[in-house]
Structures are given as structure tokens and as C-alpha cells.
Amino acid sequence: MDPAAKNPSSREREQIESRDPIARRSLFESSIQDLKIAFRSLRKSPGFAITAILTLALGIGVNASIFQLMDAVRLRSLPVAAPDRLASVEIRGGIHDFIPVRPSDLSFPLWEQIRDHQQAFSSVFAWRTNHVRVGQGTDERKAVALWFTGEAFNTLGISPEKGRFFSPEEDKPGCGIPGTVISYAFWQSQFGGQDSAIGSTILIERKPTRVLGVTPAGFLGLEIGRTFDFALPICSTPTYHDDLPFFTRPDYFFLTVIGRLKFGWTLARASAQLESVSPGIIAATLPTGYSNAFLDIYKRYRLNAYPAGHGVSSLDTYDSSLWLLLGITSLVLLIACANLANLMLVRGNSRQREIAVRLALGASRWRLIRQSLAEGLILAVSGALLGTLLAFGFSRVIVWFISSAQESVKIDLSLDWRVFVFTTFLALFTCAIFDLWPAIRSSQTNPGIALKSGNRGTTQGRERFSFQQTLVVAQIAVSMVLLVGALLFVRSFRNLITYNPGFRENGIILAHVNLSHRKLSDLDAYDGAMRELLSQIRANPGVDSAATTTHIPLNGSTWQFGMRGGDKEGSSKFTWISPGYFETMSIPLVAGRQFSDQIDSRNSPHVLIVNQTFARTFFGNDNPIGKTVRTIAEPTYPAAEFQIVGVVRDTKYGSLRDPTPPETFAPSTQFPPGQKAAMVFIHTSIPPERVIPILRESVQQHDPEMDYELFVYQNTVEDTLRQERMMAILSGSFGALAALLTMVGLYGVISYITTMRRNEIGIRMALGADRSSVLGLISTQTLRMLGAGVLLGILISLAATRGASSLLFGLHPNDPLSIIYAAALLVVVALLAGYIPARRASLINPSSALRDE
């Protein structure tokens, strides 16, 4: 018989065992045994186990929280029937230079044309959301209304929880108030989930509205981050808001159109069909009253179909921030894994004699690796489970960051299979990162050398230093990247909040007022009512000045007209204000005069005050005072000639990031449609929070039926910086965490190296080395790792920070001060981490060290 048949090779034995059920069962049993041994081993080292689990939980938790948000905002489908068959109809490429709205916003005439000429959808509907008032008197509050056309619920394929939905037959022009469908959350909070809610009456915009039904619990609306309270038919909009031109203006974009693709139709085919009918639809909805240049832009619009199964999200602006935060938290996790890898190496070195004995008794190296991996797997799974719990808290903190004082963001943060898969991947990845190499290194122990030489001071032990030092250098480099990023975002946010926009922000109260309920007969009556309201506001204690405006600076809104001035043609931002506006906002007049109620009336010649940028743009170095400009006609705003009577200093307009545009101010009394609603800026020399209750009482006494809201203006400005605030705080926190982890890792490695070199240090001191030279020896080793890590980190930072340039303000991505500050901070951290082990090494007693050897 062939000897090879009696003694099969190891590969052949593995193949035989893999086919043998008994061998497979033995493998399973041995794996269970490995896990039991790992549990016992970790139980004997509770400090190590707790440290490892908490470190992993923190690293995995912050990563899972970011992914959980991305999943909720970008990946999760709407809870409707076959969401992948839903598509939105949008203007291809977005809307530019005509009306500054989202490409998904369409006018009502466009919606009617799409409904009548599309062929791709089995059903199609239009919708929008806005705030409405519910209740009356002191119980009146804001709620979110979801306005639908009649086919909405049928298209979505959802059924009512209670009652019924309104039908397509009820959605006809002039429908009045057919009723409302309330959300499940509103049904529970306001009606306690009682069936008596169906058929009851609630006041919406002070008009009785009958409840027809309740939407299912899982349906939160079509806009991610924003839930709704009521669903109302769009045909009832004029009844609730009789002063809004929703159904007559082809240039009023406020609807989103969604349809369900017919079977056999794809998005590409639907887009091709919509594009083919676009010229006819655009021609049929051509706005009137605009210049040919604007109409040429509109005529080039084409309609396309886009996926809508994930809903519409206003949180798209946070995409880059969330991806960047996910990258940052991934780096934090890598630093944590490096720390754990060092801990595992130290733990493996301390168990060399145990491993040597087991190898001498016949244990295979593969079995030792498996047992070490079992420990790592237990730590990783435990850290992932705890990290998942932490992720719930972290994700809610981030949602709080992106919420505003006026409206909180509401996102479904429940776990789904994607979050589970992501967390599982992190657990396995971290296990492989921090445990695989230490397990392999531990299994390579030479039993003879280990049993003969012990644990301390061996050449084999010192050979392990290079790998641990490499890990520390990598930690320092990654920490350098995170600290540079953190400093960039923190300093950028500081630049934003300390930037002078050219007007007063502190001590300002913003009031939204609406006088349409008075049904005043003419525009002069509205002007008089507004002047009366301003006088009432100014008479309150603590109020220094007050004025109306049609634009709120720095809130992102815009209002502009085409302009002709001198021999130039362009555009300018346009704002109607009342006298006292520049005083209230502390905007200095550079030349000319301000507006006056006595001089600038509705029947007097039209006048303007312009900013410095407008004067330079249209008149160069010439004095603009007394010169005339002319607006280009738009619907409701006929062409008019204005004389410039003043120039004010430049101020920021829609955003701190945008350059100052040409801006013109006109008297509120010359506002063509009349000022039925306005924003009022109120300056107070005492804290605004103390004045707001006084103003509420005053307005209530003046006009109990008036619709108004009061805000602290500085809070509204800070709300526009939510993304920057989030990046500054979170990146700063993660940078500090990275520095702390690096400090711990560096301290651990230096302490371990010092311990392993104890006898060497004893010999050096016995031969005459003093404590300062020993201190220098250890410190030099620390500085060598620090220098390599910082240099590598600087090189990576120079490349990595370029992707964050769009999120920075007043800083270059490769800002040298941020790099210097980060390097200095790491030097301090490293010196602190290395000093204690170095000092402890310098205090070693030579005779004790030599006796230990």
C-alpha cells in the first residue's frame, strides 16, 4: 500500500473533514467551546473587556447614527404600495433666472396640462404643504396641512385607518370645503384615537371643517423630515386663503406632481414622453407680463420623470455634511481599533507562557488563532449591540442640530434591515481590524524561547514594538486629519457668527402681521391701518423703533426685478420698507435722504434708495442721487420709473456666503399690490424675550382678530446656520475624541515599551546613565513617533480637506493656522501621554530591575 494513502496531507485531511458530518459537528462544537473559553477569559479580565466594549460601542455608535440618518432621509422608501413605481414630474435641469424655486415645483396650469397630456402614468396627482391655523382664540395654534388633488390616495395605494378619503369627484374648482382627512398622530393626540373623531368638526383657518377619515399610522406624508396634521383637497384652497392667486398664475410655482408608472413603462420612457409633449405644455402655460428675455428662458423648459419612491426631502442640503461626518466617524473608529489592536498585542504578550504551554502540549496554531478571534468577536458584537443603543441617542442629537426654533425636523429613526446590515458589517470589520493581526502574532510564539526566557526583556518581545509603534503613528496621522477638519469647521462657524452683515441683529424682534381679515376697501386704507399698527407698537415700553419690510435679510428669500439705469440693464433685489427701517436696522445713509410719510405717498413720484453696489453697477463713479431707473414689467408689477433719492451702505441680502447684490429700497406706500401683510422689525434696548409678551398684549388689545407671530430675529438668523453649527460641534467633538484616544494609545504603548525595556534601562543606569538621559531616551522615542504621525497627517490633510471647501466660510481648506494649531495640540497631547511613562522609567531602581531579569 502506498504510504501516502496511510498518511494523507493536511490539505487532504481538511477536504475529508469538510465532507464528514461528524467532523463538521466537531468543528461546530469546538467553535462553541472556543466561545465559552473566550467568555471565561474575558470574565477574568473585566477591566480590559469593559474598556474594549465601551471603545467599540462609541466608535460603532457614532457611525451607526450617521448611517441611520442617511437611511431615513435617502434610502428608505415611502410606506405606500410599490413605491418604486412612483415618479415625480420636474423641470429638467432646474429653474434658473426665472423664478427661484425647486425644479420639482410646478404651477397649477402646468399641473393641469400634465394631467391632460401625460401617457406614462396610470394615475397622477399634485400636492403641496404649508402651515395653517387650527382652533380659535387662545387655543389657536399652527399645524401642517397637506393639500392633495383627488387622485392622491388612490395613486399612493393606501387605505384609511378610519372613515374615508375624499374622492376625485370632490376635487373640483369651487368645491368649497369638502372636509379633511387627519393624520394618525393628530387623531391620537387630539381625539385619543376615538371613533367619534369621524364626522366631528374642527376649525382650520377659522372655518369649520368636517373630519372624513384618518390616514394609516405609518404614513407621515411625502416630505421627509416634515409630518402633517391635515390632508385637504387643493380645490378648497381659495376658500381658506381667498387672497392667494394659486389657480390663475402660470408663474406661481407651488405644486409637486407625482404619478404611478403604468406597467411596462420605465422612467426613461416616461421622460421621453413628457419631453415630447413639453413644447405644447410650455406654450399653453406661457406667463404674461414678462419681458421676452424671461419668456425665452421659460420656453426652453422641458419636463422629465424622476424617482419619487423615497419622497421629497428639503434635507438634501445636508447630504454632503452627512457623508463628511460618516467619513469622520469612520476615522474615529479606526483610531479606536488601533487602540484595541495594541491592547490585544499587550494581552497576547502577557499570555506568552500560557500560549507556549498549549503549543507544547499539541494545540494547533489555527486553534489558538480561532480562540483569539472568538474573544474579538465577543467584544465586537457586544460593542455593536451597545453602539446600536447609543446610535439612537446620537442620531436624535443630530436631528436636534438640524431643527429650527420655528419647526422641528421629524424623521422616522426606527431600525430597518439596512441599519442592521451596516452595524453587523462594522462589528465584523472592527473584529478583523483589531484582532486578526494580534491573533496571528500571538500564535507565532516559539514555545522553547518563551518558556526559557519568560515574558520580560526578550528580543522577541522587543521585535513587537515596531508594529505597535506603526499603529501609534497611524493614530497620530488620523488624529491630525480630524483635528485639522475640526478646527476648520469651528473657525468657519466662528467667522459666520461674528461676521458683520452691515445691519443690526441684536435687540431685534421680527413680527409677521396680516391685515387681510379687515377687508379694507382700498390700498390707502391698508396704508393707514399699517401706520396705525406701527404707532401702536412704538408706544410700548422698551420699543425704540419699528418699521415694515417685504424682505427678511439672511433667511434665503429673494425678490428682484429687471432694471434699466443709465446705459446699463441688469437686475436688482427689491424691498419695500416704511420710514424708520434704516434707523431700526442701524444701516447708515451714505448720501441723500431717507423716506418720509409726508413726502413719499402713494400718489407722489416713485423714489428709491439704493445700496453702494447698485450705484457702482449701474452708474460707476457717478453720483446716483437724482438719476432715474426703470423696472422691467412683471405681472401685478407694471414698469415704473423711479428717482434715486438716497444711497445706503452695503448689507448682506439672502445669505452671509453670497456676495452683496445690487439692492433697491422703495417706500411701502408705493407697493403696487398694497401691503395687506408685512414683516415688522422692532428694535428694543432691553432683552427681546421681555418685550414680546408686552407686544402680544398690545396687539391683542389693538386688534384681537389679527393674525401675527413674533420671533427673536437673532434666533432666525442662527437657524440659517444650523448646518455650520452641527459641523462645528460634531467635528470638534470627534476631533477631541480622536485626540483623547490617541493620547490613551500613545500612553499605553510607551508604558508597555518601558516595561519591556525595564532590565535594559536598569543596566544603562548601573553603567552610569542618569535620570535625565533615561527621560530623554523615552521622550525621544515618543517624539519620533509624533513627528512621523504629524508629518503624515499633514500630507493627508492637505488632500482630504479640499472636499470640505463648500462648507467653509472665510477659510481656505489648507488653512495654515488650522494645521499649526492641530499640530501644536497633538504635540501637547503626545508629551502629556509620554511624560508619565518616561518619568516612571527614570525612577527605576537598577538593582531591582536586574533582580527581576
Under the 7 Å Cα-to-Cβ spin-label approximation, Ala283 and Arg630 lie apart by a distance in nanometres of 3.1
R0 of 60 Å, Cβ-Cβ distance Gln194-Arg802: FRET efficiency to nearest 0.05 = 0.55
Kindly rank 627-638, 78-89, 731-742 from highest to lowest mean number of other beta carbons found within 10 Å of each residue.
-> 731-742, 78-89, 627-638
1/(1 + (r/R0)^6) with r = Cβ-Cβ of Ser30 and Ser314, R0 = 60 Å, i.e. FRET efficiency to nearest 0.05, evaluates to 0.65
Pulled fully out, how much extra length does the chain show between Lys142 and Ser557, if you take 0.36 nm times their separation in residues and subtract their Cα-Cα distance?
-> 147.3 nm
May I ask you to list the residues of region 691-731 whose amide nitrogen lies under 19 Å from a point 7 Å from Cα along the Cα→beta-carbon direction of Asn495?
-> 718, 720-731
Within region 664-689, whose backbone N sits under 14 Å from a point 7 Å along Cα→Cβ of Thr248?
-> 673
Note the full-extension length gain between Arg396 and Gln701 as 0.36 nm times their separation in residues minus their Cα-Cα distance, in nm to one decimal.
-> 105.7 nm
In nm, the gap between the two label points placed 7 Å beyond Cα toward Cβ at Ala525 and Tyr306 is 4.5
Estimated FRET transfer efficiency when R0 is 22 angstrom, pair Ser772-Leu832 (beta carbons, to 0.05) = 0.70
For a label point 7 Å from the Cα of Leu795 along Cα→C-beta, name the residues of region 465-490 whose backbone N is under 19 Å from it.
-> 467, 469-485
Distance between modelled label sites at Ala640 and Arg43, nm, 7 Å Cα→Cβ extension = 8.5
Place the peptides 786-794, 308-316 in order of packing, highest mean first, counting for every residue the other Cβ atoms within 10 Å and averaging per peptide.
-> 786-794, 308-316
Packing-ranked peptide list from 286-296, 371-381, highest mean Cβ count within 10 angstrom first, is 371-381, 286-296
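Throughout, read-outs are computed from the coordinates displayed, never taken from laboratory work. Predicted model, so just to flag it, every value in this text is computed and none were measured. Backbone-built Cβ (ideal geometry, glycine too); neighbour counts: all protein chains shown.
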